[in-house]
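Each remark here refers to the structure printed beneath this line.
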Amino acid sequence: MQASSIPGFRRVPRTGVIYVMHRAGLEGYTPDHPAWANLGQGMPETGPLPGSPPRIDTLTIDPRHQEYGPITGQVALRQKVADLYNALYRQGKASQYTFENVSIAGGGRAALTRLAAALGNINMGHFLPDYTAYEELLAVFKAFIPIPILLDADEGYQAPLAHLKREIQGRGLQAILASNPCNPTGQVVENDRLRRWVQMARDHQCSLILDEFYSHYIYTGAPGGDPPKLVSAATYIEDVDTDPVILVDGLTKNWRYPGWRISWTLGPRAVINAIGSAGSFLDGGPNHPFQAQVLDLLELDAVLQETTAIQRSFRQKRDFTLARLRGMGILVDAEPQGTFYVWANLSALPAPLNDGLSFFQEGLQEKVITVPGVFFDVNPEQRRASARYGNYCRISFGPEMAVLERGLDALQRVIAKFA
């Protein structure tokens, strides 16, 4: 029976990735099935990479950590996160992060949910296309009004600063939510452009909430650079307690431990206090036993070593994926500068493959999974009647190379059927 037919309950939609995984499961997909390839996955491969630090395969739990932990996380971990950001992005700056600028949560969605619950009655801007889970997040909290900001392929899915300022002033935005690097387009706001974003937030008193979960997957630096290139708005913040810039990251992508469900939020102390209060009734706090295990992962040398290995391996997979897709007649409006996704333009393929949903459905017959582009048209409560990105899909090069090759071979077979 549909949940919506039970008195008092509404129908809760699945996010794009959950939807496609559910459909694939009905067709026989399992994560360890040797014939399937999941090119829809939103996580990176979790095994060893050449040159990466040893992976954690054993956990030791302090018996004292069987109890409830602090809502905002253990102070030792909060300070470790602050120290890492100060070392990576704030050397020589007078204003430094402390544990009071950090809150730990049970994964990225939990962190973003806390932030959404702490927002007031405001207009909040968000970009199109962007992360599929933002849609329900922006719909379920009624205090703020989500305002879409369209990114154009002609501009490389980047938002010109003048356009953002007009949106802030004209629509009275008091906050903007964005993923940087962007899921699904892979575009990065960095260098002077990112500096000007932070300056804009400061000058116009518009809070900038940046999902930086892919900030170590950067391909705009020199291959094999030492140290590797990382991108964070933390570099351009003047005062960590007054600049209205909030950053969210965690172990899921940049450390390749998605199952641990450990994330952190950095921001002014007033924001950290507010989201701590929200966490007290939303989720009760992050996983307590695992937090002590995270400290070694946040050692600066280990972070740089892991990031170097990630960029070397995933740049290779990115270049391989782009070459294969273009050989199939799939267009790419803007090459991914970060993340592990290709925002694939299917419009040049023969019908019905030029539609992302049909492309996904045909792919299931060849045991390959993609994510239709319509899921990234973040449209809370379906306020807009017309959907965008029907001719797009997101293709992930997150899996290990053998799975990636198998999946691209399967897409080639799908296209060959309609040639």
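Going through region 301-341 one residue at a time, which ones are on the phi > 0 side of the Ramachandran plot and crowded, with 18+ Cβ neighbours inside 10 Å? The answer is Thr339, and nothing else.
Consider Gly40 carefully, then state whether it is out of contact with any helix residue (DSSP H, G or I) (no Cβ under 8 Å at 6 or more places or on another chain) and either without any contact (Cβ under 8 Å) to a residue 40 or more places away in the chain or within 30 Å of Glu400 (Cβ to Cβ) (or both). No: the conditions fail for Gly40. Number of residues in region 43-54 that are surrounded by 10 or more Cβ atoms within 10 Å (Cβ to Cβ) and either among the hydroxyl-bearing types (Ser, Thr, Tyr) or in contact (Cβ under 8 Å) with a residue 60 or more places away in the chain (or both): the value is 8.
Condition (residue is surrounded by 10 or more Cβ atoms within 10 Å (Cβ to Cβ), at pLDDT 95 or above and either in contact with a Cys (Cβ under 7 Å, 6 or more places away or on another chain) or not in a helix (DSSP H, G or I) (or both)) applied to region 19-28: is it met by at least one residue? Scanning region 19-28 turns up at least one residue that is surrounded by 10 or more Cβ atoms within 10 Å (Cβ to Cβ), at pLDDT 95 or above and either in contact with a Cys (Cβ under 7 Å, 6 or more places away or on another chain) or not in a helix (DSSP H, G or I) (or both).
Tell me, please, whether a residue that is of a type in the set (Ser, Thr, Tyr) and touching a residue at least 24 places away in the same chain (Cβ under 8 Å) can be found in region 351-360. No, region 351-360 contains no residue that is of a type in the set (Ser, Thr, Tyr) and touching a residue at least 24 places away in the same chain (Cβ under 8 Å). Taking each residue of region 395-419 that is modelled with pLDDT of 95 or more and part of a loop (DSSP other than H, G, I, E, B) and looking for partners that are surrounded by fewer than 23 Cβ atoms within 10 Å (Cβ to Cβ) and of a type in the set (Phe, Trp, Tyr) with beta-carbon atoms closer than 8 Å, six or more apart or interchain, yields Phe397/Phe320.
Looking only at region 350-372, decide whether some residue is of a type outside the set (Val, Ile, Thr) and closer than 22 Å to Tyr217 by Cα. No: region 350-372 contains no residue that is of a type outside the set (Val, Ile, Thr) and closer than 22 Å to Tyr217 by Cα.
Is it the case that Gly250 is small (Gly, Ala, Ser), outside the structural domain of Gly40 (by TED's automatic domain parsing) and touching a Ser or Thr at 6+ places or on another chain (Cβ under 8 Å)? When the stated conditions are applied, Gly250 passes them.
Ser347 passes every criterion in (1) at pLDDT 95 or above; (2) outside any helix (DSSP H, G or I); (3) over 27 Å from Ala24 (Cα atoms) apart from (3).
Only residues that are in a strand (DSSP E or B) and touching a Lys or Arg at 6+ places or on another chain (Cβ under 9 Å) were counted across region 29-60, and they come to 1. Against the definition (of a type outside the set (Gly, Ala, Ser), surrounded by 22 or more Cβ atoms within 10 Å (Cβ to Cβ) and in contact (Cβ under 8 Å) with a residue 24 or more places away in the chain), how does Leu119 come out, yes or no? So Leu119 fails the test. Considering region 71-82, and only residues there that are in a helix (DSSP H, G or I) and in contact (Cβ under 8 Å) with a residue 40 or more places away in the chain, the residue that is nearest to the chain's Cα centre (by Cα) turns out to be Val81.
The values are calculated or read from the model by the stated rules, or taken from the named source; none is laboratory data. Every value quoted in this text rests on a predicted model; they were computed, and no experiment measured them. No Cβ is skipped: glycine too gets one built from the backbone with ideal geometry, and neighbour counts run over all protein chains shown.
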